[in-house]
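To keep things clear, I will list the structure first and then write my remarks on it.
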Amino acid sequence: MRPARRSWNGSPAGGAGAGAAVVETLERAWRVVATGVSFALFGLGGLLMRLAVFPLLHLLVWRRERRVTTARTIIRLAFRAYVDVMRALGVLRYEVRGLEKLERRGLLILANHPTLIDTVFLMAFVRNADCIVKGALWNNPFTRGPVRAAGYISNGGGAGDGDGGDLVKDCIASLERGNNLIVFPEGTRTPAGGAISLKRGAANVAVRGARAITPVVIRCDPPTLGKGEKWWRVPPRRVRFSLEVQDDVTVEPFIHGSSDVMAARRLTEFLQNYFTGKYQGHA
């Protein structure tokens, strides 16, 4: 019987590979646990804010405008702490480029939507952020306290491929008050195939409000927490989130000589190509 081949340090050949596989398995198992802990912390944090923080804020701050501003600051700091906790737990790494471009007021911030936590990341870094909240979050026991206290916009008016009606007016009014409005023009997370498809609601806000657009391209490598994906199906290695703030896109060329409807259609088509090119170009 031939003796087992040994590596340079005297251990059986292949032992290093087996050891690396064990380490990789343990590391992945830890990320599953850490991801579960992260989601639990998010739920508990939202419940704590609803039951303690925001009722106390309502008692201490009587002026609604100041109360909303304070609530948004609390949420921003909480989300910033949350993403840093996920990084400390080894769930992810992240980087933000062009953050200085968000240090303005009255921005219409449009972003692609590859993962479940894109909103958390953006709102962690945008001051005085406003956003459109789905009815499910507006009435969710874990989130309705914070989103209502912060005065976010409910999507009850609808903003699909139509003009959005009152919702578009609410968005424009928010921008005119100096808020930084975050919108995901896809309306939902990007499908697993990666095909980006935009609705016209965001373009209607830009056209009717005559607002430049500040695009943010979000990337996640390897992909995780996508549409229809279970949280415990973590990728083989720790994910890297990247948020890149692009230069503003002016809307005047789309508005000039066109009706609002046609301008919104042309702008949506442009943004469709813009985000598809930026995101898939990286891939």
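Rounded to the nearest 20 debye, the dipole magnitude of the stretch 215-283 is 640 debye, with +1 charges on Lys and Arg beta carbons, -1 on Asp and Glu beta carbons, and the Cα centre as origin. The accessible area of residue 199, taken with all protein chains in place and a 1.4 Å probe, comes to roughly 90 Å².
Taking a straight Cα-Cα cut-off under 14 Å and skipping sequence neighbours fewer than 8 places away in the same chain, the aspartates and glutamates within cross-link reach of residue 227 are 118, 186. Near residue 245: Cβ cut-off under 9 Å, other residues only, Lys/Arg at +1 and Asp/Glu at -1. The net charge is -1.
For the stretch 151-271, what percent of Cα pairs sit more than 18 Å apart? It would help to have the intermediate numbers written out before the result.
Details: 4201 of 7260 pairs.
In whole percent, the share of Cα-Cα pairs in the stretch 151-271 beyond 18 Å is 58.
Build a GNM of the chain with springs between Cα atoms under 10 Å apart, and of 86, 123, 262 the one that fluctuates most is 262.
What dipole magnitude, in Debye to the nearest 20, does the stretch 21-276 give about its Cα centre under +1 on Lys/Arg Cβ and -1 on Asp/Glu Cβ? Don't skip to the end; give the middle numbers.
Values: 36 positive and 23 negative charges, 156 e Å.
The calculation lands at about 760 debye.
In a simple Cβ point-charge model (Lys, Arg +1; Asp, Glu -1; nothing else charged), the stretch 25-137 has a dipole of about 340 debye relative to its Cα centre. Extent of the chain along its three principal axes (Cα atoms, max minus min coordinate, largest first): 86, 50, 32 Å. Over 15 Å apart: what share of the alpha carbon pairs of the stretch 91-181 falls there, rounded to a whole percent? Here the tail beyond 15 Å accounts for 65 percent of pairs.
Residues whose amide H comes within less than 5 Å of that of residue 131, counting only those at least five positions distant or on another chain, are 153, 182 (H built at 1.01 Å from N in the peptide plane). A dipole drawn for the chain from +1 and -1 charges on Cβ atoms has a positive end, and of 129, 108, 214 the residue lying farthest that way is 129. With protein chains left intact and a 1.4 Å probe, residues in the chain average 53 Å² of accessible area per residue.
In the stretch 42-85, taking the dipole from charged Cβ atoms about the Cα centre, the farthest positive-side position among 46, 82, 57 is held by 57. Tell me the carbon and sulfur percent of the accessible area for the chain, rounded to whole percent, probe radius 1.4 Å. Solvent-exposed carbon and sulfur of the chain make up 58 percent of the total. Every Cα-Cα pair of the stretch 22-166 was included, and the share exceeding 21 Å stands at 51 percent.
Computed over protein heavy atoms with a 1.4 angstrom probe, the accessible surface ordering of 258, 197, 38, largest first, is 197, 258, 38. Across the protein chains, with a 1.4 Å probe defining accessible surface, the residues 58, 256, 113 rank 256, 58, 113 from largest area downward.
The values are calculated or read from the model by the stated rules, or taken from the named source; none is laboratory data. What you see is a predicted model, and the numbers here were worked out from it, not measured in a lab. No Cβ is skipped: glycine too gets one built from the backbone with ideal geometry, and neighbour counts run over all protein chains shown. Accessible surface areas use protein heavy atoms only, side chains included; no ligands, DNA or RNA. Shrake-Rupley method; radii C 1.70, N 1.55, O 1.52, S 1.80 Å.
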